[in-house]
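Below is one structure, written out as structure tokens; the observations come after it.
The values are calculated or read from the model by the stated rules, or taken from the named source; none is laboratory data. Just so it is clear, the structure is predicted and the values come from calculations on it, not from any experiment. Here the Cβ positions follow ideal geometry from the backbone for every residue, glycine too, while neighbour counts run over all protein chains shown.
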Amino acid sequence: MSSDLRARVAAYCAQEKLFHKRDRVIVGVSGGPDSICLLHVLCSFRAEWKISLTAVHVNHGLRETAGEDAEYVKQMCGEWDIPYKEYCCDVREVAAEKKMSLEEAGRYARYEAFADAKEAYGANKVALAHHMDDQVETILWNLFRGTGSKGLSGMAARRDDIVRPLLCVSKEEILEYLREKDIAYRVDETNGENTFTRNKLRNQLIPTIENEYNRQSRQHIVGAGAVIARMEDYISKQAEAAVKKCVKRLSKNSVLIRGKAYRKQEPILREAVLRQALYDMAGTQKDIGQVHIHILEELMENQVGREADLPYGLQAFKTYDGICIRAREKRSAEKVGNLGDSDLSGHFTFRSIELKHANSWKKYIKEKRYTKCFDYDIIKSGLKARTREPGDYIVIDSAGNTQKLKYYFINEKVPREIRDTVPLLAEGQLIHWVVGYRVSEIGKVTEDTKRVLEVTYRR
């Protein structure tokens, strides 16, 4: 059995191209059977594969026996001539600080330690001891949480600098290997407790499935995950082109998913487009499930102005052109998006012109997009450079009829994501100029104008 496991791991590593000559590998070693098995197997291939190993142990400080675990790993590394590095952290403190569960905080601490060790030792790979049973738990857990095909494919054998050489073998095979080699290991007593979700899957659900339905359930679940992984790989390659066509970066904090281009894609690629846009904005895939993709799908078919909240402080809303995803903005009730005089005033220049000839007013009615002229004598209370506020309105015709700025933006199909940033020239709540769009009918230069106020906006 031991030689069989070693041969299978070697074949799997070759198939997945997990290692290359002169790789410097950090091995995560807790002291449990899985990581001890991984360390021993890699040690046995060290000379043949021409790789170097460094064992990293993370002491979470959660168990009374944690110090004994660390001492055991250090001892084994000494016997096998492997450099050893220990990291200590208070996982409870990490969980409180980052508002995580203990499971999440432990994982965070481990990966932080691996990253630090990788840099310190000049390593280019991190080997972890996840095995076939862990893969089953991961796929089921993702399924129950409402994942897409990405989650159903399980853990990858190789992702960036992380490699998992034992995904091809079961826990039972690992234990048998250690028995045959007469290698001791530490036992985490909390693994038998059903406090954590993973433990419940491992100790209750999976054995029930095997006993009641199919003894080969684990192999079938892993096999299905492998099939889905290959499908996901193909879809992701096709999705790259679709994302380029459909997703437009508007700013650092917002993207637009173009509705017209989106609808031309096959349904499976539409989902990939939405998922990738959401991943990019969130900066992570964690806690983003199928329910959030359904929200975006429904929003795409909804009316303009509808919006929805998403994880990581994101908000999506329907625009005329599709869906905009952006960071949620905090607005005060009194003023919406007001940048203040000092911020916007620097973009405007003003010039006062006295009209001395009868027909000279005509030259000041010519339309230029970023230079406008006004009858200076009509402006009574002074102008303010700002962005929109509640109650803003614009005069839309010579009869003096007005329209709320909010409805002007809607009627002119001004994208919602930029309405709070459109520069305005205002006199109280009266908007004289919506920069880039139009001026109010009141204040325009006429044959009766005596003084012209020429205003130029520069970006």
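So here's what we get for this one:
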quantity	calculated
Options 261, 272, 308, 277; residue that is assigned to a helix (DSSP H, G or I), more than 22 Å from residue 150 (Cα to Cα) and outside the structural domain of residue 407 (by TED's automatic domain parsing)	261
Residue among 265, 204, 216, 238 that is free of Cβ contacts under 8 Å to residues at least 60 places away in the same chain and crowded, with 16+ Cβ neighbours inside 10 Å	265
Lone unmet requirement of (1) touching a residue at least 40 places away in the same chain (Cβ under 8 Å); (2) touching a Leu at 6+ places or on another chain (Cβ under 7 Å) for residue 154	(2)
Residue match in the stretch 409-427 (condition: more than 25 Å from residue 255 (Cβ to Cβ) and either in a loop (DSSP other than H, G, I, E, B) or among the aromatic types (Phe, Trp, Tyr) (or both))	no
Criterion (touching a helix residue (DSSP H, G or I) at 6+ places or on another chain (Cβ under 9 Å), in a loop (DSSP other than H, G, I, E, B) and in the same structural domain as residue 125 (by TED's automatic domain parsing)) met by exactly one of 42, 62, 38	62
Restricting the stretch 357-405 to residues that are in contact with a Ser or Thr (Cβ under 7 Å, 6 or more places away or on another chain) and not in a strand (DSSP E or B), the residue that is nearest to residue 429 (Cα to Cα)	387
Residue ID - nearest to the chain's Cα centre (by Cα), chosen from residues in the stretch 346-393 that are among the polar types (S, T, N, Q) and surrounded by 10 or more Cβ atoms within 10 Å (Cβ to Cβ)	387
Subset of the stretch 394-411 (residues that are at pLDDT 85 or above and over 33 Å from the mean Cα position of the chain (by Cα))	394, 395, 396, 402, 403, 404, 405, 407, 408, 411
Of all residues in the stretch 311-320 being in contact (Cβ under 8 Å) with a residue 60 or more places away in the chain and not in a strand (DSSP E or B), the one that is surrounded by the fewest Cβ atoms within 10 Å (Cβ to Cβ)	320
Any hit, the stretch 145-166, residues being in contact with a Pro (Cβ under 7 Å, 6 or more places away or on another chain), buried (at least 22 other Cβ atoms within 10 Å of the Cβ) and either not assigned by TED's automatic domain parsing to the domain that holds residue 286 or not in a loop (DSSP other than H, G, I, E, B) (or both)	no
One residue from 25, 58, 9, 29 being in contact with a Lys or Arg (Cβ under 6 Å, 6 or more places away or on another chain), crowded, with 17+ Cβ neighbours inside 10 Å and closer than 28 Å to residue 226 by Cα	25
When residues of the stretch 235-258 are limited to those that are part of a helix (DSSP H, G or I) and of a type in the set (A, V, I, L, M, F, W, C), the one nearest to residue 283 (Cα to Cα)	243
Residue match in the stretch 92-103 (condition: modelled with pLDDT of 90 or more, out of contact with any helix residue (DSSP H, G or I) (no Cβ under 7 Å at 6 or more places or on another chain) and among the small types (Gly, Ala, Ser))	no
Condition met for residue 251 (at pLDDT 85 or above, among the hydroxyl-bearing types (Ser, Thr, Tyr) and surrounded by fewer than 19 Cβ atoms within 10 Å (Cβ to Cβ))	no
Pick from the stretch 118-150, criterion touching a residue at least 60 places away in the same chain (Cβ under 8 Å) and among the small types (Gly, Ala, Ser), ranking: farthest from residue 267 (Cα to Cα)	122
Any helices (runs of 4 or more DSSP H) falling wholly within the stretch 170-212 and containing at least 2 residues that are modelled with pLDDT under 90	197-200, 206-212
Extreme residue, surrounded by the most Cβ atoms within 10 Å (Cβ to Cβ), among residues of the stretch 65-122 that are of a type in the set (Ser, Thr, Tyr) and part of a helix (DSSP H, G or I)	72
Looking only at the stretch 281-305, and only at residues there that are out of contact with any strand residue (DSSP E or B) (no Cβ under 7 Å at 6 or more places or on another chain) and part of a helix (DSSP H, G or I), the one that is surrounded by the fewest Cβ atoms within 10 Å (Cβ to Cβ)	291
